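Engineer: The structure's right below; bear with me while I get my questions together.
The values are calculated or read from the model by the stated rules, or taken from the named source; none is laboratory data. Every value quoted in this text rests on a predicted model; they were computed, and no experiment measured them. Reconstructed Cβ throughout: ideal geometry from the backbone, glycine too, with neighbour counts over all protein chains shown.
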Amino acid sequence: MGDLILNVDFSAPERRPKKKEPSGNPRHRSFVRRRRELERRGVLRQKQLPPNPGRTPGLLGAGRPRHSENGPAAPRRPPGKGKGPGATRGTPDEGTERPVGSAKTKGKGRGAPPGAPPAPRKLLAMDCEMVGTGPGGRTSALARCSIVTYDGDVVYDRYVRPEAPIVDFRTRWSGIRRHHMDKAVPFRKAQQQVLQILAGKVVVGHAIHNDFKALRYSHPKALTRDTSRIPLLNRRAGFPENVAISLKRLTKALLHRDIQVGSSGHSSVEDARATMELYKVVEEEWEQHLRQNPEQD
């Protein structure tokens, strides 16, 4: 019987290195272990769902939606919907066209109904006083400007220093005297201030084209109301319709008030207030006439 030779290796079997335990907080390590177990069972393929940036990776079961660690993930909005940075123009939630970021306002941002009289806050009355400059003082220059509201409150009242030397103060009519120029506003500054106030407003005045000329300014015709050119006022006062009547006479006849009296000269604040009161006398009829005849003054 031959010898039986057995080759037995009594050395310790080679051990496979253990997978390195994932680092991180306990919640993350638990998640990684569960994911590896699902991959081993074949339920989840490796790297099937890469983690969503900015969120804790979710688990995917058979036919189950993706979840975050705090509960079910919110459903995604269709592209172009919503109010966030990804929203596109013309596709807000309500389905109506509105620029992104515009607020929904009910009744705001709209003008008055078509044909309605101007709102009181849109109405201003202005009167100016002039002095004479140039040869013989024949050139009229702005020396005082006053603006009042629909209720007669003073918005602006300043003495204005003309750019050219004053030759005639016309004190009898203007009420301007030499000492008024000591603290007067230079013309360019006054012009800028007044134009800012008048912008977008309906301006009422008596022979107001003279005031605009002194300001070197042209106000929109549709926003101008000249009480010296309203046949309605003349008719109410008993004067011929096509004749320019002075502010003093119209005020006396319709408002039963005396203005521009005494030797101290006119007051542009008083005249502006009287002009606004005259406008109110025929406001509704005048505005209705302008709506029906927009091409006329």
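Engineer: What tally of residues in segment 208-238 results from selecting those that are free of Cβ contacts under 8 Å to residues at least 40 places away in the same chain, closer than 16 Å to Asp271 by Cα and of a type in the set (A, V, I, L, M, F, W, C)?
Structural biologist: Total meeting the criteria: 1.
Engineer: Continuing with the same structure: Using beta carbons and a limit of 7 Å, which pairs, at least six apart or on different chains, have the first residue in segment 266-289 and over 12 Å from Leu255 (Cα atoms) and the second one among the polar types (S, T, N, Q)?
Structural biologist: Sorted first by the residue in segment 266-289, then by its partner, the pairs are His266/Ser174; His266/Gln260; Ser268/Ser146; Val269/Ser146; Ala272/Ser146.
Engineer: Any residue in segment 212-223 that is farther than 20 Å from Glu129 by Cβ and surrounded by 14 or more Cβ atoms within 10 Å (Cβ to Cβ)?
Structural biologist: Within segment 212-223 (the criterion being farther than 20 Å from Glu129 by Cβ and surrounded by 14 or more Cβ atoms within 10 Å (Cβ to Cβ)), the answer is yes, since at least one residue qualifies.
Engineer: Something else: Using beta carbons and a limit of 6 Å, which pairs, at least six apart or on different chains, have the first residue in segment 158-183 and without any contact (Cβ under 8 Å) to a residue 60 or more places away in the chain and closer than 18 Å to Thr139 by Cβ and the second one of a type in the set (A, V, I, L, M, F, W, C) and surrounded by fewer than 19 Cβ atoms within 10 Å (Cβ to Cβ)?
Structural biologist: Val160/Ala184; Val160/Val185; Arg161/Met181; Arg161/Ala184
Engineer: Same structure again: If a residue has to be over 37 Å from the mean Cα position of the chain (by Cα) and either among the small types (Gly, Ala, Ser) or surrounded by 17 or more Cβ atoms within 10 Å (Cβ to Cβ) (or both) to count, how many in segment 224-238 make the cut?
Structural biologist: Residues in segment 224-238 being over 37 Å from the mean Cα position of the chain (by Cα) and either among the small types (Gly, Ala, Ser) or surrounded by 17 or more Cβ atoms within 10 Å (Cβ to Cβ) (or both): 3 in total.
Engineer: If I filter segment 177-200 down to residues being hydrophobic (A, V, I, L, M, F, W, C) and either assigned to a helix (DSSP H, G or I) or within 27 Å of the chain's Cα centre (by Cα) (or both), which single residue comes out as farthest from Ile230 (Cα to Cα)?
Structural biologist: Met181
Engineer: Given the structure, is Val185 within 26 Å of Val281 (Cα to Cα) and either surrounded by fewer than 15 Cβ atoms within 10 Å (Cβ to Cβ) or touching a Lys or Arg at 6+ places or on another chain (Cβ under 6 Å) (or both)?
Structural biologist: No: the conditions fail for Val185.
Engineer: Right, another one. (1) polar (S, T, N, Q); (2) at pLDDT below 95; (3) closer than 23 Å to Asp226 by Cα; (4) surrounded by fewer than 20 Cβ atoms within 10 Å (Cβ to Cβ): which one isn't true of Ser174, the others all being true?
Structural biologist: The one condition Ser174 does not meet is (4).
Engineer: Which of the residues that make up segment 141-165 are among the hydrophobic types (A, V, I, L, M, F, W, C) and either in a loop (DSSP other than H, G, I, E, B) or over 12 Å from Arg273 (Cα atoms) (or both)?
Structural biologist: Ala141, Leu142, Ala143, Cys145, Val160, Ala164
Engineer: State all residues of segment 246-264 that are free of Cβ contacts under 8 Å to residues at least 60 places away in the same chain, surrounded by fewer than 16 Cβ atoms within 10 Å (Cβ to Cβ) and of a type in the set (S, T, N, Q); if no residue qualifies, say none.
Structural biologist: Ser246, the sole residue that qualifies.
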